[in-house]
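Written out below as structure tokens is the structure these notes cover.
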Amino acid sequence: THFERALALDPQFALAHVMLGFSYASLNYVGFAPAKEVLPKAKAAYDQALRFDDQLAEVHAFLAQYKHYYEWDFSGAEQLFRRALDLDPVVGGRQRRHRQDRHQHERDDETLYGRHSPTTGDVTHPIC
């Protein structure tokens with residue numbers, strides 16, 4: 001990918017790590033790859049980005065989304081969103097609005113289809 005090429009040129013390019021992590025997480029979100037295959041790679045990329053630049057709002061914003069949607073660590077996600085907002089109100093605010101919109105869609109889907117477990121991938125339908 002472009003992000004991997006960027007990291008080959010500069011292994012400490014934090015934003016490339018963030019976007020690589022987002023790419024991995026997106027593969028699972030849209031159903032192209034199983035969680036156990038790509039989510040550890042996403043988390044590792046976010047952690048690397050945070051290690052290289054803890055002042056980059058995107059690191060905190062995307063890691064917050066990861067914690068919210070894949071680890072269900074809502075308080076940890078909230079802390080990271082707040083940090084992203086502190087660092088860059090535009091980036092942090094955009095990610096928070098995206099999370100709120102996505103959460104509403106998921107609640108609508110949950111009503112129709114049930115809920116997915118982030119750790120096992122199991123589905124429990126509200127009617128069952």
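Working from label points 7 Å from Cα in the Cα-to-Cβ sense, the Gln12 to Asp73 distance is 2.5 nm. Here the spin labels are modelled as points 7 Å beyond Cα on the Cα-Cβ line, and at His2 and Ser26 they lie 1.0 nm apart.
Since every read-out is calculated from the coordinates, none of them should be taken as a lab result. These figures come from a predicted structure and were not determined experimentally. Backbone-built Cβ (ideal geometry, glycine too); neighbour counts: all protein chains shown.
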